[in-house]
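Colleague: Have a look at this one before I ask anything.
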Amino acid sequence: ARFPHSFARSPDWFPRAIPFVHIGKGADDHHTFDVDRDTFIAGALAAARAAGRQRIAVLERHEHLRADQALVRSQAAALGLSVCPIPAEMPSQTLGYEAYGFDLLRRVWAGRPRPDALICPDDVIAKGVATAALGEGIDLSRQATLFAMVNRDSGIFYPAPMTTWEVDVETLVARAARTLIDLMNGLRVAPTEILMPPVAPKEAVSLAKIQQSDHAKSRPRARPRTKQ
């Protein structure tokens, strides 16, 4: 079940005696099953650099965005990329995820400098971003590239081209369900956090490969041997 932290922690709303697992960012003292967002962000940054992009904007809800800024900036700097500033006024938290993505892209695009790589760790926000790009006349194959983490096989439903990392939601939920059944049967299961890495697209270049390539370029080339 997806509940806010305060709900999961409150004995008035959710008695501790009830077995509980959390899909998504959950309370620290519960069984949490989530996608490895850090792996996606690192892969998307590396793919953006490989595509010749230079200015990054991470598009997600502000509570995650502010938490991820330090990680994004440090990894982007290591790749020679810059991160566009967060809009001074973020979209209303009362908006649904798709409407939030729609509004967020319009705010980001109104700023300067404009990004040429858009990174979306949430599939529904990515759909709103893609829809807003079409409405604003943004060419997502020329002016900016959209990198998104989506549920498996859901990319075909998006209105604009994007490079996707796919999440096997069925396997993630099945693992959470097995843990919940064990808890319901009275088994003692230590609180744990399971992070599932998304499957990278074939055209994406891994951070490790870029670092290896940079290392190889920096090494002096040996002179070819001449036959005696």
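The values are calculated or read from the model by the stated rules, or taken from the named source; none is laboratory data. Keep in mind that this is a model prediction, so the values were computed, not measured. Every residue, glycine as well, gets a Cβ built from its backbone with ideal geometry; the counts of neighbours run over all protein chains shown. The accessibility values were calculated without ligands, DNA or RNA, using every heavy atom of the protein model including side chains. Shrake-Rupley method; radii C 1.70, N 1.55, O 1.52, S 1.80 Å.
Colleague: Over the alpha-carbon set of segment 117-179, divide Rg by the Kirkwood Rh and report the Rg/Rh ratio to two decimals.
Modeller: For segment 117-179, the value is 1.09.
Colleague: Nearest 0.05, what FRET efficiency do ALA67 and ASN185 give at R0 = 45 Å with Cβ-Cβ as r?
Modeller: For ALA67 and ASN185, the calculated efficiency is 0.80.
Colleague: Starting from the Cα of THR192, step 7 Å along the direction of its Cβ; do the same at ALA78; then give the gap between the two resulting points in nm.
Modeller: 2.8 nm
Colleague: Now for a separate question. Could you pull out every residue, at least 5 positions away or on a different chain, whose amide H is within less than 5 Å of the one on LEU146? Hs are placed 1.01 Å off N in the peptide plane, and Pro or chain starts have none.
Modeller: Placed amide hydrogens put LEU118, THR163 under 5 Å from LEU146.
Colleague: Now for a separate question. Counting only the backbone N, which residues of segment 37-78 are under 15 Å from the spot 7 Å out from the Cα of ARG175 toward its beta-carbon?
Modeller: Within reach of a label on ARG175, which here means backbone N under 15 Å from a point 7 Å along Cα→Cβ, segment 37-78 contributes 37-40.
Colleague: Amide H neighbours of HIS22 under 5 Å, counting only residues 5+ apart in sequence or on other chains, H built in-plane at 1.01 Å?
Modeller: HIS31, THR32, PHE33
Colleague: Non-local amide H neighbours of MET196 (under 5 Å, H modeled in plane, Pro and chain starts lacking H): which ones?
Modeller: Those lying under 5 Å, H to H, from MET196 are ASP34, VAL35, ASP36.
Colleague: Keeping every protein chain in place, order HIS62, HIS30 by accessible area at 1.4 Å, biggest value first, i.e. largest first.
Modeller: HIS62, HIS30
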